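Since the structure comes first, as structure tokens, the remarks are kept for the end.
The values are calculated or read from the model by the stated rules, or taken from the named source; none is laboratory data. Remember, predicted model here, so these are calculated numbers, not experimental data. Note that each Cβ is placed from the backbone with ideal geometry, even for glycine, and that neighbours are counted across all protein chains shown.
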Amino acid sequence: MKIAFIGQKGIPAISGGVERHVEFLAKELTVLGHEVIVYNRKNYTPTVLKEYAGIKLIYKSFINKKNLANITHTFLSSLDVLFRRVDIIHYHGVGPSLLLFLPKIFAPKAKLVATLHSFDYDNEKWGRFAKIMLHLGERMMFALADEVIVITPATQKYAQNKYQRESVLIPNGADMVPVSSDSALKFWGLAKDSYIFSASRLIKLKGLQYLIEAYKDLKTEKKLVIAGDGEYESELRVLAGDNKNIIFVGNQSGDALRQLYANAHLFIQSSEMEGLSLSLLEAMGHQTACLASDIIGNQEALADTGFYFQSRNVADLKSKLNYILNHPEEVKLMSAAAYKRAEQEYNWHHIAIDTAKAYQDLLK
């Protein structure tokens, strides 16, 4: 099959859950023998990189404004793909799905697939008009896509209840590349098991303000390491104040990020809203115990293989952190259980096989 991915910023992923999802999925589909095209935003990665892990990269321009970047890149990508004679055009996210009508009309032989990663319109960074357009994108997804993929059981129920539409449940996967080094940690003065770790976009919705508040009241020698960047970073740094044990390491990827996951004493996912958090899955895949907010997406990911705190509740988060730090034997048990769950439920190779089957069922 010849498959095109549209809606992501690009690969190799620098940050972002959708970008990492597309990268891992595209790699595995290529291993399975399929021809994969990924549309990158111009300058997301150097445009001299025309191929990555057997995946063809096509660069398109975009208007570099918050409300226009995604839709303008998706528009140009959607026009380009009309001339590629692909079998499957796979859109990622509700925003890009606004433009599903273009290939629906002008490339009727191609099958259209869309993945509902998250309810983007709930993100407070978007203004009223942008939220209306994102809601409309979701409607277009369920009206025009030949197949909709959802990543959690809760989202599948939502699709059925709101749109009376069947969907295919295929989760995110966990990066389970073995890590045998901690060399990158030395740059920040870290060592194995000496820190608590969190990785996400630095936006208010991720709940890092609750984590910092809870950590500041802890009596522990373990540091708090936060990876990522975003528009909320300056506020988080102000909240952290002059606490030298709170370390912002910026956006990390590749082996450095894997080392941060694998050598942490505990990973924390404090988000107020998630679909199926790739950061949480990757912590599980690196054999790190996890403490997560008790939102449905996190509970679906971890099940009974992790610790939970009441979302947005600083006092409960502090209490759970104190308990975990004083029960290292439970931390070891949970890290092993989480890894086993990741291996069984969130294996990218199996996910690619299931995705390819969804494509092939459409082509039949």
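Taking the range 315-328, which residues are surrounded by 19 or more Cβ atoms within 10 Å (Cβ to Cβ) and over 22 Å from H286 (Cα atoms)? L317, K318 - these are the residues of the range 315-328 that are surrounded by 19 or more Cβ atoms within 10 Å (Cβ to Cβ) and over 22 Å from H286 (Cα atoms).
The residues of the range 66-108 that are more than 24 Å from F142 (Cβ to Cβ) and more than 22 Å from the chain's Cα centre (by Cα), listed by number, are L76, D80, F83, R84, R85.
Look at (1) in a helix (DSSP H, G or I); (2) modelled with pLDDT of 95 or more; (3) β-branched (V, I, T) and you find that T115 fails only one, number (1).
The C-beta contact set for the range 244-259 (first residue at positive phi, second residue of a type in the set (A, V, I, L, M, F, W, C), distance under 8 angstrom, 6+ apart or interchain) comprises G250/A227. For L278, the criteria (1) closer than 24 Å to A154 by Cα; (2) touching a strand residue (DSSP E or B) at 6+ places or on another chain (Cβ under 7 Å) hold in every case but one, which is (2).
Filtered by the rule that a residue be of a type in the set (D, E) and at pLDDT 95 or above, the range 118-156 gives E138, D146, E147. Only residues that are in contact with a His (Cβ under 8 Å, 6 or more places away or on another chain), free of Cβ contacts under 8 Å to residues at least 40 places away in the same chain and more than 20 Å from L362 (Cα to Cα) were counted across the range 93-140, and they come to 1.
Condition check: assigned by TED's automatic domain parsing to the domain that holds Y210, at pLDDT 95 or above, more than 28 Å from K186 (Cα to Cα) and crowded, with 23+ Cβ neighbours inside 10 Å. Does F267 satisfy that?
Criteria not met by F267.
Return a yes/no flag: does the range 316-330 have any residue that is within 22 Å of L185 (Cα to Cα) and not assigned by TED's automatic domain parsing to the domain that holds A26. Yes, there is a match, as at least one residue in the range 316-330 is within 22 Å of L185 (Cα to Cα) and not assigned by TED's automatic domain parsing to the domain that holds A26. For the range 46-83, the candidate set comprises residues that are of a type in the set (K, R) and surrounded by 15 or more Cβ atoms within 10 Å (Cβ to Cβ); within that set, the residue that is nearest to Y121 (Cα to Cα) is K60.
In the set (1) part of a helix (DSSP H, G or I); (2) surrounded by 24 or more Cβ atoms within 10 Å (Cβ to Cβ), A256 fails one condition alone, (2).
Within the range 225-242, the set of residues being part of a loop (DSSP other than H, G, I, E, B), more than 15 Å from S198 (Cβ to Cβ) and without any contact (Cβ under 8 Å) to a residue 60 or more places away in the chain comprises G241, D242.
Selection over the range 273-305 of residues that are under 10 Å from R341 (Cβ atoms) and surrounded by 24 or more Cβ atoms within 10 Å (Cβ to Cβ) gives a count of 5. If you go through the range 329-364 and keep only what is among the polar types (S, T, N, Q), closer than 26 Å to G306 by Cβ, surrounded by fewer than 15 Cβ atoms within 10 Å (Cβ to Cβ) and in contact (Cβ under 8 Å) with a residue 24 or more places away in the chain, you end up with nothing. Going by the conditions given, is I203 crowded, with 21+ Cβ neighbours inside 10 Å and either at pLDDT below 95 or touching a His at 6+ places or on another chain (Cβ under 9 Å) (or both)? Answer is no for this residue.
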